[in-house]
Each structure stands twice: as structure tokens, then as C-alpha cells.
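The block underneath contains the structure these notes are about, expressed in C-alpha cells.
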Amino acid sequence: MGDCWGDGNFAMPETPVHEVQVDDFMLAKYEVTVGQFRKFVEDTGYKTLVETGGGVRMSEDLLKQGKTSHPCWKAHWYEQNEKHPAVWIAWEDAIVYCNWLSRKNGLPPAYYERNGRLLDANGLPTNDVRRTRGFRLPTEAEWEFAAREGGRKVRFANGQDIARASQMNFDANGTGEAVPSLRLPKENPNPYNEQGPTIGKTCEVGSYQPNALMLYDMSGNAWEWCCDTGGTDFKADRRVNPCAQGGKGHIVRGGTYDTDAKACRTSARIDWYDKSQCPASGFRVALTSENGK
């Protein structure tokens with residue numbers, strides 16, 4: 001786990017490279033879509049944090065361009081349909097969705113929503129992700145294992161070592177608009193970034209080829225929240241089923257339609273503060289496998 005290529009950190013440490021064991025788990029092949037999230041909202045009446053917090057106020061210039069004044073999962077700045085990934089989603093929104101999905105499928109919730117802590121099959125607090133039985137977010141280690149096609153040395157989660165606009169949805173011009181502090185000059189893109197056209201918005205899930213595990217869009221399209229609460233620096237020692245608990249932030253992985261190739265690498269990681277969200281923050285769901293099932 002970590003930056004096996006020596007590419008350098010994106011936003012937080014990706015080294016030292018270290019050995020991690022993750023036991024069997026299941027992971028959705030697509031990011032949660034607008035249509036899926038809409039069913040949850042219609043069933044529960046839930047409002048996301050960006051909606052209850054007033055959303056993002058746009059400047060007068062952007063409003064004159066026709067931009068939505070308070071964008072959220074159901075009304076973005078650009079046109080989207082039911083098959084686009086649901087974005088503007090905070091980590092706290094994602095775990096409520098996971099608990100709803102668990103109840104719909106007769107499973108015990110995996111989260112205590114008031115503080116985001118994990119719950120075991122009996123509804124008791126646990127720090128062991130293997131004791132959960134409901135739908136949850138993948139741990140950071142599980143996410144990277146899946147993105148790297150079972151732990152292979154691969155730079156991007158579509159099984160490729162070069163980022164190409166024809167193969168994933170990202171900022172192929174290398175401008176890194178979504179992360180201005182990490183923006184690279186166009187004349188000096190990352191060497192693993194083949195420059196090309198950039199669509200500048202999310203696309204329908206599954207629009208590009210999957211990786212060897214039949215997982216789609218794990219690099220690019222939308223950020224994906226991980227189960228870990230609070231980022232921790234990597235250590236050289238071997239770990240088994242790690243999942244940071246009790247921290248203040250939340251880990252997000254995978255890059256987006258509006259980040260350059262460096263953010264889309266399988267080792268790139270960000271620790272975002274509580275209740276944060278952005279135009280491309282989404283998620284996919286996971287399940288702990290019990291006895292190999």
C-alpha cells in the first residue's frame with residue numbers, strides 16, 4: 001500500500017510503502033448514482049448537509065452564466081441524469097445512506113450516525129471493521145486494494161499506468177482546477193498524464209472500461225469517501241484490516257473529473273475536515289464478507 005512509483009505525495013503522505021492484509025469484502029462496481037440517492041431521499045425525506053447548510057453561494061458573474069445558485073446532489077451546475085454519480089455528498093450523508101440501505105436489505109446498520117463510529121452486528125460500538133454486517137464505506141486499505149486490482153503495482157484504478165482522456169474522466173490538461181494549490185502548468189504536466197480533451201463534469205457511471213475486478217470509475221469522475229475517520233500517516237510495519245477511527249477528518253480517494261492525473265492515482269489520498277463536500281464528492285458502498293460469503 002502506498003506510492004510504489006515514487007511519484008511524490010498529492011495532498012498527504014503516501015509513504016512508506018507497506019504491507020497490508022485485507023480480508024474478503026464486497027465492493028459496488030459503480031459509485032452511488034443520482035437515481036439511487038433519490039430513492040433514499042424519497043424514502044426518508046433526508047436533506048444533505050449542503051442543502052441544510054445553505055449550499056454554495058455563487059458570484060454574480062456565475063449566476064449570470066446560468067449557474068445554479070445553491071447546487072446539490074439533485075441540481076448541479078451542469079446537466080446530469082439519474083446515472084451520474086451523486087455528488088456534493090458529505091461523509092456524514094454517505095453513512096446515513098449506508099444505514100438506510102442496510103435496513104432496506106434486513107441488515108444491521110454499520111454506523112452510529114451521531115458520531116460516525118462503527119457498529120458491530122449487535123449494534124455495539126467497535127473499532128474492528130470486520131465486525132460490521134451492514135453496508136458501509138470501504139476502508140482506505142480496501143479501496144486501494146480494489147483500485148489496484150487486488151494489490152497489483154498499478155498507477156491508476158482502470159489498470160493503466162498512463163492517464164488518458166479516452167480511458168477515464170479527469171482533467172487531462174493537467175491544470176488541477178479543483179485543487180488550485182496543486183495546479184501544474186500546462187507546459188509541464190505529469191509524465192504519466194497523456195494530455196487530451198477534458199469534459200469538465202461527471203459522466204454516467206460505467207462510461208469507461210473497468211479494471212480487472214470489474215470496478216468502474218475508481219480513478220476520476222467523483223471523489224470517493226472511505227470509512228476511515230481521521231487520516232493517519234503511513235508506517236512501515238505490516239497491518240491487518242486497518243481502519244482509522246476516532247479522528248476528526250475523513251479520507252477521500254480517487255480524484256475527479258476536475259483534478260489532474262496526480263490526484264487520480266491509486267495511492268493519492270486526502271484527509272478532509274468534518275461535514276465537508278465539494279462539486280465532485282461522492283461514494284460507493286462496501287460490505288464485510290462473513291465466512292467468505
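The values are calculated or read from the model by the stated rules, or taken from the named source; none is laboratory data. Quick caveat: nothing in here was measured; it's all calculated off a predicted structure. Methodologically, a virtual Cβ is constructed for each residue, glycine included, from the backbone with ideal geometry; neighbour enumeration extends over all protein chains shown.
Put simply, of N115, N81, N122 the only residue that is closer than 16 Å to G246 by Cβ and part of a loop (DSSP other than H, G, I, E, B) is N115.
Selection over region 1-20 of residues that are surrounded by 15 or more Cβ atoms within 10 Å (Cβ to Cβ), within 19 Å of D260 (Cβ to Cβ) and out of contact with any Gly (no Cβ under 9 Å at 6 or more places or on another chain) gives a count of 4.
Each residue in region 146-169 was checked for being closer than 22 Å to A286 by Cα, of a type in the set (K, R) and over 17 Å from the mean Cα position of the chain (by Cα), and 1 of them qualify.
Look through region 94-112, keep the residues that are of a type in the set (A, V, I, L, M) and part of a loop (DSSP other than H, G, I, E, B), and return whichever of them is farthest from A286 (Cα to Cα). Going through the qualifying residues, I end up with L107. Would a scan of region 225-245 turn up a residue that is of a type in the set (D, E, K, R), buried (at least 19 other Cβ atoms within 10 Å of the Cβ) and at pLDDT 95 or above? The answer is no, given that none of the residues of region 225-245 is of a type in the set (D, E, K, R), buried (at least 19 other Cβ atoms within 10 Å of the Cβ) and at pLDDT 95 or above.
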